[in-house]
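Everything below concerns the one structure shown next.
The values are calculated or read from the model by the stated rules, or taken from the named source; none is laboratory data. Because the structure is predicted, anything quoted here is derived from the model rather than measured. Every residue, glycine among them, receives a Cβ derived from its backbone with ideal geometry; neighbour counts consider all protein chains shown.
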Amino acid sequence: MCRVADGFTPPVGGVRLAYSVRGSGPPVLMVMGLGVGRWGWDRQVRVFSRHFRVITYDHRGTGESSLPDGDYGMEELIGDALRLLDFLGVERAHVVGVSMGGQIAQTLAIERPQRVDRLVLCSTSCGGPAAARPDPELWRDLLRLRELPSERAVEVALRAFFGPDFRREHPRLAAAVVRRHLASGTPPRTFLLQGRACARFDESARVGRIRAPTLVCHGTADALCPVENARLLASLIPGARLVLYEGAGHSPIIERAREFNRDVIGFLRG
């Protein structure tokens with residue numbers, strides 16, 4: 001029977017996290033990227049929940065989760081993921097992270113190896129001096145997305161999220177995703193705090209400690225996190241498997257949803 005649950009964790013430090021659980025079977029924690037709520041996994045949850053207990057949540061300051069008064073960084077974001085697993089009574093889970101969520105997932109696998117079964121890192125980077133950086137103007141505009149005129153905000157989000165092929169071939173879908181993102185109400189402060197956490201992230205010296213079986217997924221046309229980061233990650237993590245989606249941008253979970261779902265489910269079930 002497919003289990004369905006939505007709720008909130010008890011507040012800690014003024015923060016309660018909104019979460020959803022779908023399906024039954026081995027637990028899979030799906031960790032979203034900067035400024036995007038758990039709705040970003042919509043193209044995965046229904047399919048994954050046929051095989052797994054799928055756990056999604058909103059980061060602090062995103063979606064229905066509360067935004068604390070003080071600053072926060074990657075340490076707090078990682079702590080939130082662990083707190084959610086503890087609240088749900090999940091001792092060990094597969095972890096699938098995209099973008100900032102992939103950074104959170106890396107540190108979980110390094111510092112809490114007993115909590116991570118298999119690991120999927122999508123559109124992400126280990127940081128450090130060898131990491132490939134996005135175009136500075138695109139990154140600056142993305143962090144200011146809520147402050148830009150609407151037409152400019154749409155333009156920036158389309159370029160940041162999707163590759164040129166997807167924007168050209170599926171303009172309505174790309175625009176609909178961007179409109180939903182812009183209408184989600186994520187406050188500008190969230191973008192700044194999460195963006196700063198991403199920019200400071202550096203697990204390059206420790207990522208080789210990961211022992212969980214790891215799948216690295218990336219689009220070759222990613223303007224926000226260049227594909228060189230995937231190749232670096234896969235070279236540093238022992239035994240990691242690399243899957244590249246030709247022509248996809250920062251969102252293979254949308255642009256190549258069918259392929260991504262097939263590849264990841266096959267990996268997690270292996």
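Please tell me if Ala175 is free of Cβ contacts under 8 Å to residues at least 60 places away in the same chain and either in contact with a Leu (Cβ under 6 Å, 6 or more places away or on another chain) or of a type in the set (A, V, I, L, M) (or both).
Here the answer is yes, as Ala175 does meet what is asked.
So that you can scan it fast, the table gives a plain yes or no per residue for (1) more than 29 Å from Arg258 (Cα to Cα); (2) charged (D, E, K, R); (3) crowded, with 19+ Cβ neighbours inside 10 Å:
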position	(1), (2), (3)
Ala18	no, no, yes
Gly25	no, no, no
Val36	no, no, yes
Gly40	no, no, yes
His51	no, no, no
Thr56	no, no, yes
Glu75	yes, yes, no
Asp80	yes, yes, yes
Asp86	yes, yes, no
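Out of (1) under 16 Å from Ala105 (Cα atoms); (2) in contact (Cβ under 8 Å) with a residue 40 or more places away in the chain, what's the single condition that is false for Gly208?
(2)
Scan the range 70-109 for residues that are over 20 Å from Pro134 (Cβ atoms), of a type in the set (A, V, I, L, M, F, W, C) and out of contact with any strand residue (DSSP E or B) (no Cβ under 9 Å at 6 or more places or on another chain) and jot them down.
Ile78, Leu82
Among the listed residues Ala131, Ala153, Ala205, identify the single one that is small (Gly, Ala, Ser) and closer than 24 Å to His59 by Cα. Reasoning before the result, please.
On the way: Ala131 fails: closer than 24 Å to His59 by Cα; Ala205 fails: closer than 24 Å to His59 by Cα.
Just a single option satisfies the conditions, and that option is Ala153.
Is it the case, given these coordinates, that Val98 is among the β-branched types (Val, Ile, Thr), modelled with pLDDT of 95 or more and surrounded by fewer than 22 Cβ atoms within 10 Å (Cβ to Cβ)? Steps first, please.
Numbers: among the β-branched types (Val, Ile, Thr): yes; modelled with pLDDT of 95 or more: yes; surrounded by fewer than 22 Cβ atoms within 10 Å (Cβ to Cβ): no.
The answer is no for Val98.
Hey, could you check the range 118-136 for residues that are out of contact with any helix residue (DSSP H, G or I) (no Cβ under 8 Å at 6 or more places or on another chain) and modelled with pLDDT of 95 or more and say which is surrounded by the fewest Cβ atoms within 10 Å (Cβ to Cβ)?
Pro129
For the subset of the range 45-75 comprising residues that are free of Cβ contacts under 8 Å to residues at least 40 places away in the same chain and in a helix (DSSP H, G or I), which member is nearest to Ser125 (Cα to Cα)?
Glu75
Would you be able to tell me the number of residues in the range 111-151 that are assigned to a helix (DSSP H, G or I) and of a type in the set (S, T, N, Q)?
2
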